[in-house]
Amino acid sequence: MYIKDLYAISPQKTHDLSFENGDWKVLNEYIYKAIEPSYQDLIPNAQLRRMGKAVRMGMGVSLPLLGRNPKPDGIIFGTANGGLEDCIKFLNQIVEYNEGTLTPTNFVQSTPNALAGQIALLSENMSYNVTHVNGSLAFESALLDASLFFDEHAKEEKRLLLGAVEEISDYNYNIDRLGERFKKELVSNEELLDSETGGSYCGEGSTQFYLSNNPENSLAKFTAFKQSSHLFHDEIAEFVMRFLEEQNLTASDIDCLLLGRNGDVTTDSWYQKVEQLFGEKPTVYFKKSVGEYRTVSAFASYLAVRLLNGQAHYLIENGATVKPRTILIYNHFDAVRHSLILIQK
Amino acid sequence: MTEIVVTGMGAISSIGLTIAENLYSLKHEISGIKKAKHFKSHYAGSLVFGEIDQSDESLLEELALKKGHGFTRTTLIAMKAFREAVSHAQLSPEDIASTRTAFISSSTVGGMCYTDDLYHDANMQGSPSEYVKNYEGSDHALQIVRFYGMKGITDVVNTACSSSANAIAIGARLLETGKVDRVIAGGSDCLAKFTVNGFNSLRILSEEPCKPFDTHREGLSLGEAAAYVVLERKADVSDPGKIQAVFSGFGICNDAFHPSATSDDARGPRMAMELALKRANLSPENIQYINAHGTGTPNNDLTESFAFSKLFKNVPAYSSTKSYVGHTLAAAGVLEAIYSILSIQNQEVYPSLRVEEPIADFSFQPTLRYTPEVAITHVLSNSFGFGGNCTSLIFSACI
């Protein structure tokens, strides 16, 4: 799967590429809100007003990508929760109006497949269209679907729009805070990994890739990926090493690690276990930039492609001179869902 | 091309807690759509539902699970149907846990089925409920993964009302490409204030039990169900007696017309059926029965009938088994896939119940009574959803 193009709206200035060029935003917040561009030229105002944040950010990324690329043969998305704000607005109405007469807008906008459906509608695309909601492996599931699609169409050139979206609302922030996923005290994202408490900070955004099975003029490729929803702490080393073996690689072939460390002392030991397998390696801790959310591995993949193309180099720790050609991403959520993604030039 | 077969089935719905009970009701035209006993809602008195006649407490007890661990109704019914499917396919605990076994599920309401608990947690009222970590759409699947110690690929799909039909298609593709050796695919959705009020706000719920394909149909009835099938490559199945049916093909596309309605020319439904036929290497005249999407809304039944009229020179027998169980949302695709397989196995058509006056615009009409002794080799099963998602599946007799 070759990556021809990509774009992201994130808590960093990815929308105008200044993040890639060294403009790193220091965040001193509990919530790392996405920096959204003006949508004026992209989406008519009447439509924009009705859109929830997930759909809005998703359209804000997909429309520019679709505008500068040929029509894709499929649209595949991953999102753990979709338009959660609309969902809980609707829920609040149900409870507060005791199931009275409600307006359907929030309900229709809240369905996780609303984004992929809107993209199909606005770009008049009747092709393959699936949304995966596999929690913190939703992007990995979308990746798997994309790889199946290309396997099935090996004989002809095919293109896919592959993406992920997650939004913060007050409500899901509340729920995850009650679930002890977020820190109660505030430290800046520069010091996130030195924190000695549980939880992390909440991020959001949409990341999308324009994929093709034709390697010509590609920026990078998704070489392989692997997921697990059931792994014990003493199995993680074997999980990683077997993945490398399956790709005929050894630890020394990896030029740069992208790790999902998020400053949560209760689960960061999983990342340390993986780091130990590689010794001193150039590493990027991508959650320092965008925080924790369930489809953040899509952002990590985005960052990997930038690094492979000589951008965002300033984020690499422990590797001032490296010019990476093979990048391994390891991410987990709650130490329950684990993901490995291998991206190469 | 690799032949994919169904080797196990499990289902729980308003017309039965097992496959055998579902079959009995289908044969005897017993509808499950009536006043709700367990579901608490403002609409419990005024609307009818396809409710599973088993309480959460009884499900917990039957599954030997403890209360207080975040098992939602979506999870409980999913676990029951999953258990029946893997047992039917004679999968060992090692088979289920294997890295070569994939689990592809689906749900729309997911873990958000207890609307009041979610309201309190989302608005930080009082101490966290037992479900505070279980609201995700994928929670039921993760609970099953934990329970069985599953090491393989997981996925959860949400394409609204076509979700589990897509789960089956994705499962088959994983087998075709050799990524896994067996797949458990399906979905689960339980009745929830969230969906009932959602569909009510769209004004597409019928006050009386739904009557798909009737001229005077007034909308859909919501139901709840969970169902799973086990898929394997035919070449890998050592005991041919295990094979329930062949999964011959699927078509997936988007209507690209409207967030919550089908296009007048039904281009999406037509395309999905055409793609499924093409993939199955069949032509329209090979289909003997269509298990229609048939929700009972004015829009769906008209446009779906229109699609039949364009695709088939002679429209085969068709019916909507949603007239038995209501619209079970994410679970509808797999439940109707199972009903389609039962049709093939028993060579009979389960009717569209309660149709008094079939839609007059067309020269064909649905099957109105239980019809045994019908030669059925290939069945087309349709599932269309909000967001324009259209999926058609084809199941065939194993020859």
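Values in this text are rule-based calculations from the coordinates and carry no lab data. These numbers come from a predicted model, not from an experiment. Note that we place each Cβ from the backbone using ideal geometry, even for glycine, and neighbour counts take in every protein chain shown.
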Residue-count net charge about B:Ser352 - beta-carbon cut-off 13 Å; Lys, Arg +1, Asp, Glu -1
-2
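How high is the relative contact order of region A:2-143, in percent, counting Cα pairs under 8 Å that sit 6 or more residues apart?
24 percent.
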Shape of region A:149-282 from its Cα gyration tensor (a ≥ b ≥ c, root eigenvalues): rounded if a/c is under 1.5, otherwise prolate when a/b > b/c, or oblate?
oblate
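Normalised by the number of residues in region A:2-344, what is the relative contact order in percent for Cα pairs under 8 Å and 6+ residues apart?
Value for region A:2-344: 24 percent.
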Please list, short to long, the whole-number percent of alpha-carbon pairs of chain B in consecutive 20 angstrom bins beginning at zero.
31, 60, 9, 0
Cβ neighbours within 10 Å, averaged per peptide: list A:266-272, A:77-83, B:117-123, B:16-22 in order, most packed at the top.
A:77-83, B:117-123, B:16-22, A:266-272
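Excluding B:Thr371 itself, what net charge comes from residues whose Cβ is under 14 Å from its Cβ, given Lys and Arg +1 and Asp and Glu -1?
-1
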Here the longest stretch of chain B that holds no trypsin sites (Lys or Arg not before Pro) in a DSSP loop having at most 16 other beta carbon atoms within 10 Å is B:204-312
Hey, got a sec? Which GluC sites (Glu not before Pro) in region B:323-373 land in a DSSP loop and have at most 12 other Cβ atoms within 10 Å?
B:Glu356, B:Glu373
Could you work out which residue, out of B:Leu202, B:Leu191, B:Leu26, moves most in a Gaussian network model of chain B, that is, has the largest mean-square fluctuation with Cα springs under 10 Å?
B:Leu202
Distance between modelled label sites at A:Thr321 and B:Glu21, nm, 7 Å Cα→Cβ extension:
7.2 nm
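Would you mind giving the mean number of other chain beta-carbons within 10 Å of the Cβ of each residue in A:90-103, as a whole number?
Across the residues of A:90-103, the mean count of other-chain Cβ atoms within 10 Å is 5.
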Arranged by the count of other C-beta atoms within 10 angstrom, fewest first, what order do B:Met112, B:Met1 take?
B:Met1, B:Met112
Net charge within 12 Å of B:Thr262 by Cβ-Cβ distance, Lys/Arg positive one each and Asp/Glu negative one each, not counting B:Thr262 itself?
-3
Could you list the residues of region B:104-135 with an amide nitrogen less than 18 Å from a label point located 7 Å from the Cα of B:Ser55 in the Cα-to-C-beta direction?
B:114
Would you work out the relative contact order for chain B, in percent, from Cα pairs under 8 angstrom that are 6 or more residues apart?
23 percent
What's the ranking of A:26-34, A:252-260 by average number of surrounding C-beta atoms within 10 Å, highest first?
A:252-260, A:26-34
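Counting only other chains, and only Cβ atoms inside 10 Å, what mean value do you get across the residues of B:319-328? Numbers along the way, then the final one.
Numbers: counts 0, 0, 0, 0, 0, 0, 0, 0, 0, 0.
Counting other chains' Cβ atoms within 10 Å and averaging over B:319-328 gives 0.
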